[in-house]
Amino acid sequence: MYRNSMLRPLGSLRALRSFNRARPFSSSIPRLDSIRPLDVLTEEEEMIRETVQRFANEVVKPRVREMDENERMDPDIIKGLFEQGLMGIETSAAHGGSESSFTSAIIAIEELAKVDPSVSVLCDVHNTLVNTVIRKYATETQKEKWLPLLATEQLGSFCLSEAASGSDAFALQTKAQKVGNDYVLNGTKMWITNSYEANIFLIFANIDPSKGYKGITCFIGTKDVGIEIAKKEQKLGIRASSTCTLNFDDVKIPAENIIGGEGQGYKIAIEILNEGRIGIAAQMLGLAQGAFSLSVPYTYTRNQFKQPIGTFQGMAFSFADAATQIETAKLLTYNAARRKEAGLSFVKEAAMAKWWASKVAQEVSGNAIEWMGGLGFTRETGVEKFWRDSKIGAIYEGTSNIQLQTIAKFIQKEYTP
């Protein structure tokens, strides 16, 4: 639908990758002139950035305000994300994906958030949580069944949070009882992203509460097994992104749909959420950039006291401060992504990136409203939406206090004599 000369699907990246792999090299030790700064992209990454920028500006942008006011994601946006290859970024070509890198997924999330953080988080959860769980923990048979669907046509949802298990995710109460070759699930999930539009669900339930968190198991199922949407939340921000309460009343799921093995759900959730936090950092980074780019140009066209308001020292210094904060958030986010991609430890870096990018997003988007004055306070410009959307960054996929706690634990471990 959106494949035209301006919007190049990511499938063409596979040819580029084959070419790059064929290049000869003389040493495994990088030369100084070959070491890239964190924000300098590879040819493939730059292609992804350009593709997503065009899609975001030409397809998403005209629909942003309507989706926000209707609190509903336009189905054509979801369809377009699939057609552009943005819903299986890291998934192999054999499974219908674009076979790109983790950093490429982070770039896509960032670029979408510059225009609409609601679309960004839909893409983020689908890629960095749902797809990643299947790629890393599923059997080959499960991968063959689920990855092509997730890469080409069906939206995924990650069902972990409950009323009594937010930051304490492993206090979940949803249970799964073995009955023959099936498990019967009973319980309720809350704050589940993508759940209204999704057809594929990763569901965390406890198969043996006596074992505590070691009984938590990850199941995969489709909406038609009986998953009930009990309530669709009305939110302050990211309104087009669905957030729902889900009921599981005697929902039967085959034992063959367990991902990663019985009792491995807690391990899966911990590892995947660490990666997912880099995605949220990218979303908040893009949001801050979007608010900055939308508001600053206006200040150079609005004259007061016979000069553009953006040229007054107070305004200029505020811009400089915001630009520096955005740059630090970008470097933290890209560093975490590059470390994850290189197989290095990244948990502390991911926590730092998410915490700081969330703070920056709130501050920059709030200032952007003030920079535009009364106009910024209206819904006409869209800058107030960035501020509303920014608040969630300090809450989901680990609150800001959880991120600080994680960072502090690493500091304690490093500096305790």
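In whole percent, and with a 1.4 Å probe on the protein chains, what portion of the accessible area of the chain is carbon and sulfur? Present the calculation step by step, with values, prior to reporting the outcome.
Values: 10010 of 18730 Å².
That share works out to 53 percent.
Residues with beta-carbon under 12 Å from that of Val251, excluding Val251: net charge, scoring Lys, Arg +1 and Asp, Glu -1? Mind showing how you got there, number by number?
Working: positive: Lys175, Lys189, Lys223, Lys252; negative: Asp182, Asp224, Glu228, Asp249, Asp250.
Spelling it out: positives minus negatives among the neighbours equals -1.
Enter the Cα centre distance for the pair the stretch 156-197 and the stretch 224-290, rounded to the nearest angstrom.
Taking the Cα centre of each part, the stretch 156-197 and the stretch 224-290 sit 9 Å apart.
Pick out, in residue order, every one of the trypsin sites (Lys or Arg not before Pro) in the stretch 344-402 that is DSSP loop and has at most 15 other C-beta atoms within 10 Å; say none if there are none.
Numbers: sites: Lys348, Lys354, Lys359, Arg379, Lys385, Arg388, Lys391; in loops: Arg379.
Qualifying residues, ordered by number: Arg379.
Please calculate the 1.4 Å probe accessible area of Ser118, with all protein chains present, and give it to the nearest 10 Å².
0 Å²
Compute, for Tyr266, the solvent-accessible surface of its heavy atoms (probe 1.4 Å) with the complete set of protein chains present, and express it in square angstrom to the nearest 10.
It works out to around 60 Å².
Rounded to a whole number, what is D in µm²/s for the chain from Stokes-Einstein with the Kirkwood radius over alpha-carbon pairs (25 °C, 0.890 mPa s)? If you can, show how the numbers build up before the last one.
On the way: Rh = 22.3 Å.
Stokes-Einstein gives a translational diffusion coefficient of 110 µm²/s.
Evaluate the distance, in nm, between pseudo-label points positioned 7 Å from the Cα of Lys409 and of Gln53 along their respective Cα→Cβ axes.
Here the modelled spin labels are 3.9 nm apart.
Have a look at Leu404, Leu112, Leu287 and tell me which one the Gaussian network model of the chain (Cα, springs below 10 Å) gives the largest fluctuation.
Fluctuation is largest for Leu404.
Consider all pairwise Cα distances in the stretch 320-396 and report the whole-number % of them above 17 Å. Mind showing how you got there, number by number?
Values: 1509 of 2926 pairs.
Summing the P(r) tail past 17 Å for the stretch 320-396 gives 52 percent.
Starting from the Cα of Lys348, draw a straight line to each of the aspartates and glutamates and keep only those under 18 Å, dropping any in the same chain fewer than 8 residues away.
Glu271, Glu275, Glu397, Glu414
Give, in nm to one decimal, the length gained when the segment between Asp250 and Lys267 is fully stretched (0.36 nm per residue of separation minus the Cα-Cα distance).
Values: separation 17, 0.36 × 17 = 6.12 nm, distance 2.53 nm.
Length gained between Asp250 and Lys267: 3.6 nm.
Which sequence of Thr141, Thr132 reflects their accessible areas, 1.4 Å probe, from the largest down? Don't skip to the answer; put the middle values down first.
Working: Thr141 110, Thr132 0 Å².
Most to least solvent-accessible, the answer reads Thr141, Thr132.
Just to be sure I understand the rule: take each whole DSSP H helix in the chain, project its Cα atoms onto its long axis, keep it if the span is 24 Å or more and its mean Kyte-Doolittle hydropathy is at least -1.0. Which ones pass? Each step should come with its number before you reach the end.
On the way: long enough: 265-299 (50 Å, 0.61); 313-341 (42 Å, -0.35); 347-371 (35 Å, -0.16).
What comes out of the filter, once short or polar helices are dropped, is 265-299, 313-341, 347-371.
From largest to smallest, what semi-axes in whole angstrom does the stretch 185-251 give when each is the square root of 5 times an eigenvalue of its alpha carbon gyration tensor? Don't skip to the answer; put the middle values down first.
Values: eigenvalues 111, 36, 21 Å².
Equivalent ellipsoid of the stretch 185-251: 24, 13, 10 Å, largest first.
Report the local net charge at Leu185: Lys and Arg +1, Asp and Glu -1, summed over other residues whose C-beta lies under 9 Å from its C-beta.
Values: positive: Lys175, Lys252; negative: Asp249, Asp250.
Taking every other residue near Leu185 into account, the sum is 0.
For the stretch 31-154, rounded, prolate or oblate, judged on the Cα gyration tensor with a ≥ b ≥ c (square roots of eigenvalues), a/c < 1.5 rounded, else prolate if a/b > b/c? Please list the in-between numbers first.
On the way: a/c = 2.16, a/b = 1.09, b/c = 1.99.
Oblate shape, in that a/c is at least 1.5 and b/c is the bigger or equal ratio.
Take the chain, connect every pair of alpha-carbon atoms lying under 10 Å apart with a spring to form a Gaussian network, then pick out the residue of Val383, Val115, Val59 with the largest mean-square fluctuation.
It is Val59.
Would you list Met73, Met352 from the most to the least accessible area, probe 1.4 Å? Don't skip to the answer; put the middle values down first.
Values: Met73 5, Met352 60 Å².
Largest to smallest exposure gives the sequence Met352, Met73.
Counting C-alpha atoms alone, how compact is the stretch 36-98: give Rg to one decimal and Dmax as a whole number, in angstrom.
14.3, 43
Restricting attention to the stretch 342-381, which GluC sites (Glu not before Pro) occupy a DSSP loop and are surrounded by at most 12 other Cβ atoms within 10 Å? Write down the numbers at each step before the final one.
Numbers: sites: Glu349, Glu363, Glu370, Glu380; in loops: Glu380.
When the GluC sites (Glu not before Pro) of the stretch 342-381 are filtered for loop state and at most 12 Cβ neighbours within 10 Å, Glu380 remain.
Of Lys330/Lys409; Lys211/Lys359; Lys143/Lys175; Lys232/Lys391; Lys114/Lys145, which ones are farther than 27 Å apart at the Cα?
Numbers: Lys330/Lys409 24 Å; Lys211/Lys359 38 Å; Lys143/Lys175 25 Å; Lys232/Lys391 19 Å; Lys114/Lys145 34 Å.
With Cα atoms farther than 27 Å apart: Lys211/Lys359; Lys114/Lys145.
Over the stretch 349-417, average the accessible area per residue using a 1.4 Å probe and give it in Å², no decimals.
Roughly 51 Å² per residue, with all protein chains present.
For Ile270, what accessible area in Å² do you get when you roll a 1.4 Å probe over the heavy atoms of the protein chains, rounding to the nearest 10?
My reading of the accessible area for Ile270 is about 80 Å².
Arrange the residues Thr333, Thr324 by how much accessible surface each exposes, largest first, with a 1.4 angstrom probe. Present the calculation step by step, with values, prior to reporting the outcome.
Details: Thr333 0, Thr324 85 Å².
The ranking, largest first, comes out as Thr324, Thr333.
Antiparallel as a % of all DSSP beta bridges within the stretch 150-234, to the nearest 5? Don't skip to the end; give the middle numbers.
Numbers: 13 of 18 bridges.
Within the stretch 150-234, antiparallel bridges account for around 70 percent of the total.
The values are calculated or read from the model by the stated rules, or taken from the named source; none is laboratory data. From a predicted model like this one, the values you see are computed outputs, not experimental measurements. Virtual Cβ from ideal backbone geometry, glycine too; neighbours counted across all protein chains shown. Please note that ligands, DNA and RNA were not included when accessible areas were found on the heavy atoms of the full protein model with its side chains. Shrake-Rupley method; radii C 1.70, N 1.55, O 1.52, S 1.80 Å.
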